[in-house]
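Where a number appears in this text, it was derived from the coordinates with a stated rule and is not lab data. Owing to the predicted nature of the structure, the values given are computational and were not obtained by experimental measurement. Neighbour counts are summed over all protein chains in view; Cβ atoms, including those assigned to glycine, are modelled from backbone coordinates with ideal geometry.
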Amino acid sequence: MASSRFLALLAVLIGLYFASRFELHKTLGVHERATAAFSSIFRQASTEQTPEVVIAEQNSQEAFKSATPSSPRRPFTRHIVAVGDLHGDLGNAQTVLQFSGVVDSFGNWTGDADFFVQTGDIIDRGDDTIKLFTWMESLRAQAAKVGGVVLSHLGNHEVMNAIGDWRYVYPSEIETFGSVAARQKMITTGRIGRAWAQNYTATSRLPLHPHLGPPNTPFPPPDHPVHFKKDDGEDGEEENSSYYDANEPLSHSALSFVHGGLSPTYSNLAPFPTKINALSSSLLHRLQSRPQPPPHPPSPYPGLPHGTTHEEVELYDANGPFWYRGWATDSEAKACVDVEKVLARTGTRRMIMGHTPDFTGIVSRCNGKIIIIDTGISHAYGGALSALSIHYTFTPVDNEAGEPRWIEREVVSALYVDRQEIIVDQEREVVGDFRFNEV
């Protein structure tokens with residue numbers, strides 16, 4: 001009897017090992033069921049257990065404690081890959097996603113990245129609109145099956161096409177749809193239009209650590225007021241420029257993604273990205289639900305629909321997130337002052353955007369707080385094939401005081417066909433207890 005119970009106990013221990021090995025401990029139910037089973041067997045054997053059983057029970061409890069999701073001391077990693085404007089070029093897009101590790105040679109999701117982010121302007125200047133948007137939806141589904149996430153953004157060219165501004169639509173691209181009317185239907189009520197409405201946003205806030213919640217968790221949180229330190233500006237006036245919260249040291253451990261840019265004078269930055277995305281959704285709905293005007297050219301520019309609100313107009317103007325180019329064109333001195341204000345208000349540490357191409361490579365400004373990833377990937381431009389890679393690690397540190405200390409490290413790299421260039425390699429020590437539940 002004792003030997004059979006010992007074998008049963010051993011089987012449970014082996015199960016616990018494989019549960020921790022393959023991260024089944026992430027499900028609380030596994031923890032509870034395993035604990036209950038162990039306790040039951042141990043109680044049955046308690047009157048006749050051998051010294052070996054006692055030692056095994058003690059060791060297994062220690063091992064189990066170290067593997068449970070409640071343990072605050074396990075390391076965390078996150079890998080993000082972002083790609084800029086693709087403009088109708090499936091071949092170059094596949095090349096970029098393959099050398100950056102997002103897809104394999106067959107164009108399927110590899111699982112090497114936790115997040116793949118595309119910052120808009122998939123449409124126009126090429127003939128692969130249908131193929132590209134179909135592929136993105138396929139990758140989205142493949143990623144979701146293995147815990148990955150695809151974040152997609154509307155660019156100014158997606159919105160232009162929804163308006164009826166077809167200045168950059170090639171006749172050969174219209175032929176891939178069959179007709180003008182078929183193309184209008186596809187980008188309104190058809191599968192591309194539905195994908196835009198369901199899966200594409202104007203901007204994203206992507207936390208580097210799951211303690212801050214899932215992507216696009218609003219900042220500041222509705223139940224948590226934001227406090228700003230007041231810093232003296234150059235002109236002697238006080239400006240709210242840096243967020244602080246002693247109880248939330250990871251508050252700005254997040255990235256923003258957008259097509260054009262988040263202007264420091266844009267009026268709807270907060271709550272971020274909730275407000276901008278709500279406006280984008282409402283504007284897209286107006287455009288897709290109205291009777292489709294004949295495209296421009298050759299017809300007159302149709303403009304925004306009747307009833308468009310002032311905030312929706314502001315969203316689409318030159319200072320809005322689809323069109324803003326200040327982060328690429330402003331002087332370094334001005335950009336580096338202004339970016340601090342935007343980062344403070346959006347709860348992020350760096351802004352990543354496309355829209356303004358540099359055909360030689362990815363542009364980093366202000367120590368990586370501004371990163372512009374449009375490099376003219378499409379053959380229409382003949383620019384550099386590139387991707388941005390972000391590796392984030394959060395590692396526990398042993399210390400004599402027994403405090404929950406961590407090393408937070410972020411390595412940001414520009415990837416090209418033949419090389420990798422490190423843009424940022426920063427680390428800092430952080431103290432605190434943090435949630436590690438995956439999101």
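Could you compute the net charge surrounding C366? Neighbours are other residues with a C-beta less than 11 Å from the C-beta of C366; K and R count +1, D and E count -1. With Lys, Arg at +1 and Asp, Glu at -1, the net is 0. Across the range 122-192, counting alpha-carbon atoms alone, Rg and Dmax equal 13.1, 40 Å. Mean projected area of the Cα convex hull of the range 76-431, taken over all directions, amounts to 19.5 nm². Note on the range 156-203: Rg/Rh from Cα positions, Kirkwood definition for Rh, rounded to two decimals, is 0.97.
Within the shell defined by Cβ-Cβ distances under 10 Å, the residues around E427 carry a net charge of -2, with Lys and Arg each +1 and Asp and Glu each -1. Near N399, once Lys and Arg are set to +1 and Asp and Glu to -1 for all other residues with Cβ below 14 Å from its Cβ, the sum equals -2. Set against the 2.2 N^0.38 Å expectation for a compact globular protein, the range 322-415 has a Cα radius of gyration ratio of 1.37. Look at the dipole of the range 76-431 built from charges on Cβ: of W109, Y170, A401, the Cα furthest out on the positive end belongs to Y170.
Among the chymotrypsin sites (Phe, Trp or Tyr not before Pro) found in the range 349-415, those both in a DSSP coil and sparsely packed, with 15 or fewer other Cβ atoms within 10 Å of their Cβ, are F359.
When peptides 121-128, 211-218 are sorted by average Cβ neighbour count within 10 Å, with the highest value leading, the order is 121-128, 211-218.
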